[in-house]
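Novice: Just dropping this structure here.
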Amino acid sequence: MGLIAIEGMRFYAHHGYFAHENTIGGSYEVDAYIKTDFTKAAKTDELDGTINYSTVFDICEAVMKLRMRLIERIADEILQRTLKEVDGQIEHILIRVSKFNPPVGGEVRRTYVEVSYPE
């Protein structure tokens, strides 16, 4: 068993609960941590024995292009799509979605949520 970490996937997207967030947009970052058995890839040096990082990035990119109000929803959508796309290869997954400069009435660098399976 091993861990695949894909950190710092950056996106500019138009998510937010308030109308101005949907108009202006903002900066987001997605991190994915996936526990899987990549023994075959380690021995054969072939991609079919592991999870393709590009597949995970493509899922994140597709979800970030959608318009959603809450980062909780974004994180869950990425989690569900990843589980479906790489069916049977994931023992544990954690998705973190960060929103930079959230409109909270003061200076905040970022907020983030995490979702995982199994919990």
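Read the figures in this text as sums done on the coordinates, not as results from a lab. Only a predicted model underlies this, so the values are computations on that prediction, with no experimental measurement involved. Please note: Cβ atoms are built from the backbone with ideal geometry, for glycine as well, and neighbour counts cover all protein chains shown.
Novice: Straight-line reach only, C-alpha to C-alpha below 19 angstrom: list the lysines that residue 99 could link to, leaving out same-chain residues fewer than 8 apart.
Specialist: The qualifying lysines are 65.
Novice: Along the principal axes of its C-alpha atoms, what lengths does the stretch 2-117 span, in descending order and rounded to whole Å?
Specialist: The principal-axis extents, from largest down, are 52, 23, 21 Å.
Novice: Return the single residue from 105, 49, 16 with maximal mean-square fluctuation; model: Gaussian network over the chain, springs between Cα atoms under 10 Å.
Specialist: 105
Novice: Give me the number: length gained by fully extending residue 110 to residue 27, i.e. 0.36 nm times residue separation minus the C-alpha to C-alpha distance, one decimal in nm. Before the final figure, lay out each step's value.
Specialist: Numbers: separation 83, 0.36 × 83 = 29.88 nm, distance 0.96 nm.
That works out to 28.9 nm of additional length.
Novice: Just to confirm the filter: which trypsin sites (Lys or Arg not before Pro) across the stretch 1-100 are DSSP coil and have at most 14 other Cβ within 10 angstrom of their Cβ? Before the final figure, lay out each step's value.
Specialist: Numbers: sites: 10, 35, 40, 43, 65, 67, 69, 73, 81, 84, 96, 99; in loops: 67, 69.
Those satisfying the criteria are 67, 69.
Novice: Any chance you could give the angle, 0 to 90 degrees and rounded to 10, that helix 53-65 forms with the longest Cα principal axis of the chain?
Specialist: 20
Novice: Pairing the Cα long axis of helix 71-85 with the longest principal axis of the chain, what angle in degrees results, from 0 to 90 and rounded to the nearest 10?
Specialist: Helix 71-85 and the main axis of the chain meet at about 20 degrees.
Novice: Given a Förster distance of 22 Å, report the FRET efficiency between residue 72 and residue 117 from their Cβ-Cβ distance, rounded to the nearest 0.05. If you can, show how the numbers build up before the last one.
Specialist: Details: r = 15 Å, r/R0 = 0.67.
My answer for the efficiency is 0.90.
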